[in-house]
Each structure stands twice: as structure tokens, then as C-alpha cells.
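**Q** Structure incoming, see below.
The values are calculated or read from the model by the stated rules, or taken from the named source; none is laboratory data. Since this is a predicted model, take the numbers as computed values, not measurements. Methodologically, a virtual Cβ is constructed for each residue, glycine included, from the backbone with ideal geometry; neighbour enumeration extends over all protein chains shown.
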Amino acid sequence: MASSHSFILNDEAATVAFGEAMGRALREFPNGFVIYLQGDLGAGKTTLTRGVLGAFGHQGAVKSPTYTLVEEYELCGRRFYHFDLYRLHDPEELEYMGIRDYFQQDNCCLVEWSARGEGILPKADLEIELAPWAEARCVRIIGHSNHGQALVTQLAQHLMPLPEGVVPCDCAIQ
């Protein structure tokens with residue numbers, strides 16, 4: 001059974017702080033991860049990714065690779081690939097770009113709009129759902145694999161004490 005936790009993120013700073021906590025949790029695992037970032041346009045997927053990469057020492061902008069499909073980062077001896085499949089028309093297009101080469105055991109892959117690569121992409125270890133919630137946003141993290149469930153547990157520890165603007169909740173994302 002998948003384990004999950006939900007939180008309210010009050011603003012952009014809280015979304016970055018949540019991503020940084022997630023990055024600190026990821027640092028404790030030597031192997032890579034496949035993370036699906038779910039949510040509508042403007043939900044905070046790239047902002048959360050900026051926090052994850054920041055925990056590994058990345059400074060500066062993190063842009064959504066909407067046109068390039070993927071951005072690569074090498075940080076702390078690890079490879080991160082940030083995918084945005086929003087403009088993908090057919091999952092088969094991923095085969096032409098050599099998608100399987102990116103999903104190696106030690107790489108961390110963060111994938112926005114993963115449904116557009118269904119049938120080609122590997123299953124997610126961790127899924128992060130973001131949705132509007134009043135004047136804030138709700139985030140739900142779901143561990144799908146044993147690896148992902150262990151990350152959910154680590155993330156809960158790295159969020160203590162909770163960063164300013166992050167509040168645990170029972171919000172349901174539709």
C-alpha cells in the first residue's frame with residue numbers, strides 16, 4: 001500500500017522550503033529516484049523542483065523545460081533530469097530522444113506532465129500532487145515503491161520542525 005502525507009503550502013517561499021526538505025531527504029539515499037510532479041499549469045511544480053535542486057547546492061534560476069523537454073543538472077556528484085512533457089504529442093517521441101538513457105539507477109528524474117509519457121516512462125517511486133487550496137496550495141506526497149515509501153518517511157523527518165508557511169493537513173486533491 002502506498003504511503004502519503006499532505007501539507008498546505010502558504011506561498012512560493014513555503015513551496016521552495018518544502019522542496020529543499022525533500023532534497024535533504026533525497027541526499028540520504030545513494031540511488032536515484034523517479035519522481036512525478038502532478039498539477040495544473042502554475043501549480044508550483046517547477047518551484048518545488050527549484051527547492052529540491054537548491055538542497056544539492058544549485059543556485060540561480062530553474063526554468064521549466066517546456067520547449068527543450070529536459071534540463072540536466074550535475075550536483076554533488078549526482079545527475080538530475082528535470083522533464084516537462086507538456087508539449088509532447090505522442091509518448092513514442094520519448095523513444096526518439098533516448099528516454100531510457102536518462103532513467104539510470106543513480107539518476108534522479110523529476111517529471112512534470114508524466115501522463116503524456118504513459119506507457120514509455122518507468123513507474124514513479126514518488127508522486128507529488130500540487131493543487132490550489134484557498135489562497136495557498138495543497139501538496140500530497142505518495143510513495144509508490146519501497147524506495148518511495150522510505151523517502152516519504154525521511155521527508156516527514158526533514159520537515160520537522162515545519163518550515164514557515166508549511167502546515168500538515170488532510171486536504172484531498174481531486
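**Q** Looking at region 89-106 only, could you name the residues that are surrounded by 11 or more Cβ atoms within 10 Å (Cβ to Cβ) and either of a type in the set (Phe, Trp, Tyr) or modelled with pLDDT of 95 or more (or both)?
**A** Answer for region 89-106, where residues must be surrounded by 11 or more Cβ atoms within 10 Å (Cβ to Cβ) and either of a type in the set (Phe, Trp, Tyr) or modelled with pLDDT of 95 or more (or both): Tyr102, Phe103.
**Q** When you go through (1) of a type in the set (Ser, Thr, Tyr); (2) at pLDDT below 95; (3) not in a strand (DSSP E or B) one by one for Ser4, which number turns out not to apply?
**A** (3)
**Q** Pull out all pairs, ordered by first then second residue, where Cβ-Cβ is under 7 Å, the residues are six or more apart or on different chains, the first lies in region 150-174 and is within 21 Å of Asp11 (Cβ to Cβ), and the second is modelled with pLDDT of 80 or more and of a type in the set (Ser, Thr, Tyr).
**A** From residues that are within 21 Å of Asp11 (Cβ to Cβ), the pairs are Cys169/Ser6; Asp170/Ser6; Cys171/Ser6.
**Q** Can you name the number of the only condition in (1) at pLDDT 90 or above; (2) in contact with a Phe, Trp or Tyr (Cβ under 9 Å, 6 or more places away or on another chain); (3) not in a helix (DSSP H, G or I) that Cys171 fails?
**A** Among (1) at pLDDT 90 or above; (2) in contact with a Phe, Trp or Tyr (Cβ under 9 Å, 6 or more places away or on another chain); (3) not in a helix (DSSP H, G or I), Cys171 violates only (1).
**Q** When you scan region 88-103, do you find a residue that is of a type outside the set (Gly, Ala, Ser), touching a residue at least 24 places away in the same chain (Cβ under 8 Å) and at positive phi, even just one?
**A** no
**Q** Hey, Ala131 hits all of (1) of a type in the set (A, V, I, L, M); (2) surrounded by fewer than 19 Cβ atoms within 10 Å (Cβ to Cβ); (3) touching a residue at least 60 places away in the same chain (Cβ under 8 Å); (4) under 17 Å from Glu20 (Cα atoms) but one; which does it fall short on?
**A** Just one mismatch for Ala131, condition (4).
**Q** Given the criterion farther than 16 Å from Gly51 by Cα, in contact with a helix residue (DSSP H, G or I) (Cβ under 7 Å, 6 or more places away or on another chain) and surrounded by 19 or more Cβ atoms within 10 Å (Cβ to Cβ), identify the matching residue among Gly143, Gly148.
**A** That would be Gly143, the only listed residue that is farther than 16 Å from Gly51 by Cα, in contact with a helix residue (DSSP H, G or I) (Cβ under 7 Å, 6 or more places away or on another chain) and surrounded by 19 or more Cβ atoms within 10 Å (Cβ to Cβ).
**Q** Let me ask something else about it. May I ask you to say which residue of Ile141, Ile128, Ile120 is part of a loop (DSSP other than H, G, I, E, B), touching a Leu at 6+ places or on another chain (Cβ under 8 Å) and of a type in the set (A, V, I, L, M, F, W, C)?
**A** Ile120
**Q** Within region 87-119, can you find the residues that are among the hydrophobic types (A, V, I, L, M, F, W, C) and either within 24 Å of Phe56 (Cα to Cα) or touching a Cys at 6+ places or on another chain (Cβ under 7 Å) (or both)?
**A** Result: Ile99, Phe103, Cys108, Cys109, Leu110, Val111, Trp113.
**Q** Related question: Which of the residues spanning region 107-123 are more than 21 Å from His89 (Cα to Cα) and touching a helix residue (DSSP H, G or I) at 6+ places or on another chain (Cβ under 8 Å)?
**A** Cys108, the sole residue that qualifies.
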